[in-house]
């Protein structure tokens, strides 16, 4: 856990672990009707070429950008783990604070990159290559998008002074929500179905967003 290589290993391992079940669904959906009925865009399919393209870019971004920055961050701020674990209420409070702050930052970032044509064309358009979302397209993005959103996720726990265990839980949950938003399936147990009053749009909302924005 104290190794400078751990953040990169942790990030790519958790990400791929979350993507893998949806990759299996994509591979089976054309042959299994009960899987396909949960697919948001039922007339589309995900090819292995599309998956490999997304995986290759994600691994490239981790190797070229995230890895060296993680090592620099480790030297600048070595990991220190308190002896005592935080209480449950503290974990819930800190986790909610991290998620809400990141959600606000992402909302502003995302809005700007759609409202300002130059920002969209230069930085965000690559993420909208696929108009039908699938899990491995979650991290299909250029250097600026990878670094800026990664910066928010890395800095927020420091700004809020959360416990290291909460920080790790935040990264896990944040990554799951991102993958689920891009999975392309509206499953009965999806997070947006658990959050009341339609406060969280989830995969259906984000899939429509990708359908509308391409050029």
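Counting only alpha carbon atoms, the long axis of helix 88-115 and the longest principal axis of the chain meet at about 50°. With springs only between Cα atoms under 10 Å apart, run a GNM on the chain and tell me which of 26, 103, 186 wobbles the most. Result: 103 has the largest fluctuation of those listed. Return, ordered by residue number, the residues of the range 162-177 whose backbone nitrogen is under 19 Å from a label point located 7 Å along Cα→Cβ of residue 9. Residues passing the 19 Å test: 165, 168-169, 171-172. Taking the alpha-carbon centroid of each part, what is the distance from the range 25-67 to the range 138-215 in angstrom? Result: 17 Å between the Cα centres.
Axis of helix 48-61 versus longest Cα principal axis of the chain: the two differ by about 20°, to the nearest ten degrees. Return the FRET efficiency for the residue pair residue 89, residue 126: r is the Cβ-Cβ distance, R0 is 45 Å, and the value is rounded to the nearest 0.05. Working from the Cβ atoms, E equals 0.65. Computed from the C-beta positions of residue 52 and residue 100 and an R0 of 22 Å, the FRET efficiency is 0.05 to the nearest 0.05. Between residue 80 and residue 16, the simple spin-label model (points 7 angstrom out along Cα→Cβ) gives 3.4 nm.
Across the range 133-215, the fraction of Cα-Cα pairs farther apart than 16 Å, rounded to a whole number, is 61%. Gyration tensor over the Cα atoms of the range 43-118: the corresponding equivalent ellipsoid has semi-axes (square roots of 5 times the eigenvalues, largest first) of 32, 22, 17 Å.
Angle of helix 143-160 to the longest C-alpha principal axis of the chain, folded into 0 to 90 degrees and rounded to 10: 40°.
Where a number appears in this text, it was derived from the coordinates with a stated rule and is not lab data. Keep in mind that this is a model prediction, so the values were computed, not measured. A quick note on method: Cβ atoms are made from the backbone with ideal geometry, for glycine too, and the neighbour counts reach across all protein chains shown.
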